[in-house]
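Inspection log for the structure reproduced underneath, given as structure tokens.
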Amino acid sequence: MKADPRYDQIIAVLQSIAPEVDAKDLSGSEPLRRQVDLDSMDWLNFLIGLHGAFQVDIPESDYARLVTLDDVVNYLQQKTVQASTRSG
Amino acid sequence: MIDFTLPALGADMTQGKLLEWKVKPGDAVTRGQVVAVVDTSKAAVDVEIWQEGTVAQLLVRPGETVPVGTPMARLLVPGELPASRRRVSPAAKQRATALGIVVDEVSGTGPEGAVTLEDVERTAASAVPPVARAASPTGKVADMRAVIGAAMSRSKREIPHYYLGESIPMARAQAWLESFNAGRPLPERLLMALLPIKAVALALQKFPEFNGFYRNGTFEAGTGIHVGVAIALRQGGLVAPALHDVADKPLPTLMQELSDLVLRARNATLRSSELSDATVTVTNLGDQGVESVFGVIYPPQVALVGLGRVSLQPWVEGESVQALPVMRATLSADHRVSDGHRGGLLLSEVRERLQHPETL
């Protein structure tokens, strides 16, 4: 996951909300909100940050799919690939 | 001539450290203008002034810690002329210009308060640059614990609390929120946490004895419904700044204000009015998975509404049992001002409001 070019950008968005986060301590497969102690306002701001950074829409019905950091990377991978196929 | 004194930015504040002046002698100030940044040991706060006038003299220097009520600046009220022109010796004036010092800020020790060359030199030597807003040094956390401890001890010592709880079905609110959010881009979506805050504010319109302050042996009803929202800080501790006039604002406006408030609470850039004028507090611990909250009232307020998580619960309607999303709301209230009967009615009004989310 860490090899994905999106990974660093996702961490940067996360750190804008939780500045104390150290990327080294994060596990890709554990629930992110439990690792970082994000409340629902933080989580919404995290998604707004991703929306801004990657220009993707994240419908509320997709929130349940975004639990771990790996989920987030996969989700954005799919979304951005879809977008570039459509536009290309 | 009037004094601008250091306001109490919350019941638990006894002193403050001036970090920075936002005005200088000669500046005109208007109601609500931020004039100084003060460190309250909980946060750096933008302090507003509530009088109009012109700044005549700054009495406290950045870096100084002074008790609440200390005059910090002198102001000329509109129409008032400076008492008399300060006398400044020509050498002092020249030196002040060279050093970039405003002569009006120098206290004079010469005849009739005239500013002398020595006065200018002394001021220059003791000038302190503005103190930076401290991000979150370790000492801050201990300070904040002490401050919270003092306020909560006072609450438990002085306020005869009573507690009530109510289970609120949330299916309608959830369905309404889902469809509201479905058509909207992320930045315009609402959080579930906002709906009960608005419902509480609307319910308080009918039960004003839960909204306001208990001071000097009597209850003063609040002039607006300003809901203090408990916000946990990442480095530990919490603040409960106010969302103003919640009952009168539409949900999207409140969402923007709440989001801004959380951001500024965490960056320590709250305004003095937000920290001192909440008339009631709402605390939501549902995000942490808590079922119900038994809150401690924040003096001089007289009530606190606690919200737990929304979870699927067995719910009996008629003779059948179904699984429904339910939230547990609690009320901690001050027995000097209200009784359980009225408290119970307040909570059922909150429940009713949440059954009609489209009217929030």
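The values are calculated or read from the model by the stated rules, or taken from the named source; none is laboratory data. Just so it is clear, the structure is predicted and the values come from calculations on it, not from any experiment. Backbone-built Cβ (ideal geometry, glycine too); neighbour counts: all protein chains shown. Please note that ligands, DNA and RNA were not included when accessible areas were found on the heavy atoms of the full protein model with its side chains. Shrake-Rupley method; radii C 1.70, N 1.55, O 1.52, S 1.80 Å.
Restricting attention to segment A:41-70 and to residues that are among the small types (Gly, Ala, Ser) and surrounded by 15 or more Cβ atoms within 10 Å (Cβ to Cβ), the residue that is farthest from the other protein chains (Cβ to nearest Cβ) turns out to be A:Ala53. Just one of the listed residues (B:Arg309, B:Arg336, B:Arg328, B:Arg353) is at pLDDT 95 or above, closer than 30 Å to B:Val239 by Cβ and in contact with a Gly (Cβ under 6 Å, 6 or more places away or on another chain), and it is B:Arg328. Hey, among B:Val239, B:Val316, B:Val280, which residue is surrounded by fewer than 23 Cβ atoms within 10 Å (Cβ to Cβ) and either more than 12 Å from chain A (Cβ to nearest Cβ) or in contact (Cβ under 8 Å) with a residue 60 or more places away in the chain (or both)? Result: B:Val316 is the single residue among B:Val239, B:Val316, B:Val280 that is surrounded by fewer than 23 Cβ atoms within 10 Å (Cβ to Cβ) and either more than 12 Å from chain A (Cβ to nearest Cβ) or in contact (Cβ under 8 Å) with a residue 60 or more places away in the chain (or both).
If we keep just the residues of segment A:18-40 that are within 9 Å of chain B (Cβ to nearest Cβ) and open to solvent by 20 Å² or more (accessible area, probe 1.4 Å), which is farthest from the chain's Cα centre (by Cα)?
Of segment A:18-40, the ones within 9 Å of chain B (Cβ to nearest Cβ) are A:18-20, A:33, A:37-40.
Keeping just the survivors that are open to solvent by 20 Å² or more (accessible area, probe 1.4 Å) gives A:19-20, A:33, A:37, A:39-40.
Values: A:Pro19: 15, A:Glu20: 17, A:Arg33: 11, A:Asp37: 15, A:Asp39: 15, A:Ser40: 14 Å.
Residue satisfying both the conditions and the ranking: A:Glu20.
From the list B:Val290, B:Val302, B:Val350, which residue is open to solvent by less than 20 Å² (accessible area, probe 1.4 Å) and under 16 Å from B:Ala193 (Cβ atoms)? Testing whether each residue is open to solvent by less than 20 Å² (accessible area, probe 1.4 Å) and under 16 Å from B:Ala193 (Cβ atoms) leaves just B:Val350.
Go over the candidates A:Gln35, A:Gln82, A:Gln77, A:Gln55 one by one and state the one that is at positive phi and not charged (D, E, K, R).
Details: A:Gln35 fails: at positive phi; A:Gln82 fails: at positive phi; A:Gln77 fails: at positive phi.
Exactly one of A:Gln35, A:Gln82, A:Gln77, A:Gln55 is at positive phi and not charged (D, E, K, R), namely A:Gln55.
Among the residues of segment B:242-271, just one is within 12 Å of chain A (Cβ to nearest Cβ) and hydroxyl-bearing (Ser, Thr, Tyr), namely B:Ser259. Per this entry, B:Leu190 is counted among residues that are outside any helix (DSSP H, G or I), touching a Phe, Trp or Tyr at 6+ places or on another chain (Cβ under 9 Å) and of a type outside the set (Val, Ile, Thr).
Could you check, for segment A:71-86, whether at least one of its residues is more than 21 Å from A:Asp4 (Cα to Cα) and either away from chain B (no Cβ under 12 Å) or buried (at least 18 other Cβ atoms within 10 Å of the Cβ) (or both)? Outline the logic, then answer.
To start, the set of residues in segment A:71-86 that are more than 21 Å from A:Asp4 (Cα to Cα) comprises A:86.
Those still in the list that are either away from chain B (no Cβ under 12 Å) or buried (at least 18 other Cβ atoms within 10 Å of the Cβ) (or both) too: A:86.
Yes; the residues of segment A:71-86 include at least one that is more than 21 Å from A:Asp4 (Cα to Cα) and either away from chain B (no Cβ under 12 Å) or buried (at least 18 other Cβ atoms within 10 Å of the Cβ) (or both).
Return yes or no: is B:Ala230 within 13 Å of another protein chain (Cβ to nearest Cβ), in contact (Cβ under 8 Å) with a residue 40 or more places away in the chain, touching a Leu at 6+ places or on another chain (Cβ under 8 Å) and within 18 Å of A:Asp42 (Cβ to Cβ)? So B:Ala230 fits the description; yes.
Got a number for residues in segment B:191-238 being among the charged types (D, E, K, R), modelled with pLDDT of 95 or more and out of contact with any helix residue (DSSP H, G or I) (no Cβ under 9 Å at 6 or more places or on another chain)? Going through segment B:191-238 one residue at a time, the tally reaches 1.
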